[in-house]
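Written out below as structure tokens is the structure these notes cover.
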Amino acid sequence: MTFKNKTIICTITLLITLTAPNKGEQTRNSSNILEAYETKDYSDQNIYFLKNKHIEQKKNHDTIGSISTLSMLGYIYSHHANYAKAYENYWEALLLADKTDDRRSTAKLHEQIAWLYSFFNRKDESLDYYLLALNETKELIKLGLSTQLISNYYGLTTYYREINNINTSKAYLDSCFMLHYAKGGINNAYYLQAEQAYNLLLTGNTQQAIINMSQQEAWFLKNNASYLTILYSFLGDAYKKQLNYKQSEIYYLASIQKSIDHKSHVNYRPLVYEKLSDLYQKNNDYKNAYAYLLEAKTLNELLYDSRSLNNNALLEISDEFRKEKEVQNKLIHEQQYEALKHEEKILALQKTILILLIISGLLIAYFYFRFIKSKHKSTQLLTIKTKELENLKNKELLNLKNKELAASALRIIEKDEVLKTIKTAMTDNKEKLSEGAVKNLFKSITNTNSNNWKEFEARFISVNPSFYQTLNNKHPHLTQGDKKLCALIKLNFNSKEIAQLLGISVESIHTLRYRLRKKMNLSRSTNLTNYLEKII
């Protein structure tokens, strides 16, 4: 066996004190399950009294009283280790709490069912109910209907300790202390301190654990002596850890005696018997070791029916709350069936009308969309066609002007040729003319050539207004002569024609073209004429 039973019983006992309502909450409406945890009488006589009381409460339709009585019976049965009975009473109380919307009782009962699942080692269901109870309590706190959050955190403290998640367990215990002191210490903290002392024992601080437990003993003797079953067992563990076997034996025996005297924590006794057996074995007292091991086995067999794996099915069979909820849901469904049929007919008609409206709307939207799309497409096509025609017109106009410009340039070439011929003839017959007349004639020819080039450039710029600007942006280091050469190349003049225009040799033109390509950083694969034609 493990420490599991010990932690479970510790949880129940803590709930006796921590879940008691404050005086300001003790009205008839709030006098619910919380009162069940005030009892310290676990006798068979008390069970008999509570059963009769419940019968009277059922006759008088006292639902609140029935919830409290059933909860108290479940709590006592759990101390007697009669878990099937405890489970049955808790579920019956839960059914009544659900019917009357007693949310505080529902939350607390879910917590107790979580404890029962934990005892049967059904950890997943246990955690589900612990968290359900915690969420319900938090909702009640928001509504100002409960302040009992400590017990929820304490249940999770023991749950995570049982699965050896010590860090999470300690975190929830710290939350318990925080809430306790936030209330100004309204409820006593002895149960929390007992859990804290147990944590000290687990973490190796044995002497401090003994000191803390010994300080709590007097309070429990006065207020809840049955809890000493657990506290004395803790002290026995602590002294055993210190190898003080004599003191450990005294506390183990005292733990068993308290359980017998108060008829409480019955399921805890086999664990203490086993601890005693182990203690005697360490002292080589094999006779007592065997005797207490036999006691543990015998008591386990007596409790077996309430703790066996087969009994898990009994817990599910006893789930009257779930059964009743299913019956209620079935009745509600039957009552709603006819109304739903009528509503379905109305809904079907509404759906038909709605579908027709949607279809009509979709058709209108479809045709309207097609119309808009067709109109937009036509407008686009018209725009594209207009733009294409405009571009074609501009291109043709540009070509025409460039042809005119080229023709003008050719005429300039012819004119220059004539003037060169005259110049040559006059040079050859210079002796027949006066020197001043010759100079004036040469000056007139030179000015004419300069004016011709200015006229050519002006007309070129009017036809290609952005050419020089674009060329300058791309190649800012070109000279005026380079730009003039670029203009002539753009007009598709060949090298011979350009040579005639510039009055230089064809070989010089080839050299100028080579230098121009180099300044422009053009590769050999790039055609200079095509490159300049693309510049607009």
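The values are calculated or read from the model by the stated rules, or taken from the named source; none is laboratory data. Bear in mind the structure is a predicted one, so any value in this text is a computation, not a measurement. Positions of Cβ are generated from backbone atoms using ideal geometry, with glycine treated the same way; all protein chains shown enter the neighbour counts.
Number of residues in segment 500-510 that are under 15 Å from Leu488 (Cβ atoms) and part of a helix (DSSP H, G or I): the value is 7. For the residues Glu497, Glu507, the requirement of being of a type in the set (Asp, Glu) and free of Cβ contacts under 8 Å to residues at least 12 places away in the same chain singles out Glu507.
Among the residues of segment 511-536, the ones that are of a type in the set (Ser, Thr, Tyr) and not in a loop (DSSP other than H, G, I, E, B) come to 4 in all.
A single member of Gln207, Gln193, Gln216 is modelled with pLDDT of 85 or more, of a type in the set (S, T, N, Q) and under 43 Å from the mean Cα position of the chain (by Cα), and it is Gln193.
The single condition among (1) acidic (Asp, Glu); (2) touching a residue at least 60 places away in the same chain (Cβ under 8 Å); (3) more than 19 Å from Tyr227 (Cβ to Cβ) that Glu162 does not satisfy is (3). Sort out which residues of segment 455-473 are assigned to a loop (DSSP other than H, G, I, E, B) and not small (Gly, Ala, Ser), and write them in order of number. Passing the criteria: Asn464, Pro465. Of the residues that make up segment 272-286, is at least one buried (at least 18 other Cβ atoms within 10 Å of the Cβ), at pLDDT below 85 and under 28 Å from Gly74 (Cβ atoms)? Looking through segment 272-286, none of the residues is buried (at least 18 other Cβ atoms within 10 Å of the Cβ), at pLDDT below 85 and under 28 Å from Gly74 (Cβ atoms). Confirm whether Tyr83 is modelled with pLDDT of 50 or more and within 22 Å of Glu195 (Cβ to Cβ). No, not satisfied. Taking segment 108-146 as the range and being of a type in the set (Gly, Ala, Ser) and either at pLDDT 85 or above or surrounded by fewer than 15 Cβ atoms within 10 Å (Cβ to Cβ) (or both) as the test, the residues that pass are Ala114, Ser126, Ala133, Gly144.
Residues that are of a type in the set (Asp, Glu), within 27 Å of Lys183 (Cα to Cα) and touching a residue at least 24 places away in the same chain (Cβ under 8 Å): list the helices (runs of 4 or more DSSP H) wholly contained in segment 46-157 that include at least 1 such residues.
Details: elements: 63-79, 83-99, 103-119, 123-142.
The helices (runs of 4 or more DSSP H) meeting that bar are 103-119, 123-142.
When Asn32, Asn46 are screened for being among the polar types (S, T, N, Q), in the same structural domain as Asp261 (by TED's automatic domain parsing) and at pLDDT 75 or above, only Asn46 passes. Per the listing Lys99, Lys108, the residue uniquely more than 34 Å from the chain's Cα centre (by Cα) and under 21 Å from Ser66 (Cα atoms) is Lys99. As for segment 474-484, it holds at least one residue that is outside any helix (DSSP H, G or I), of a type outside the set (S, T, N, Q), surrounded by 11 or more Cβ atoms within 10 Å (Cβ to Cβ) and in contact (Cβ under 8 Å) with a residue 12 or more places away in the chain.
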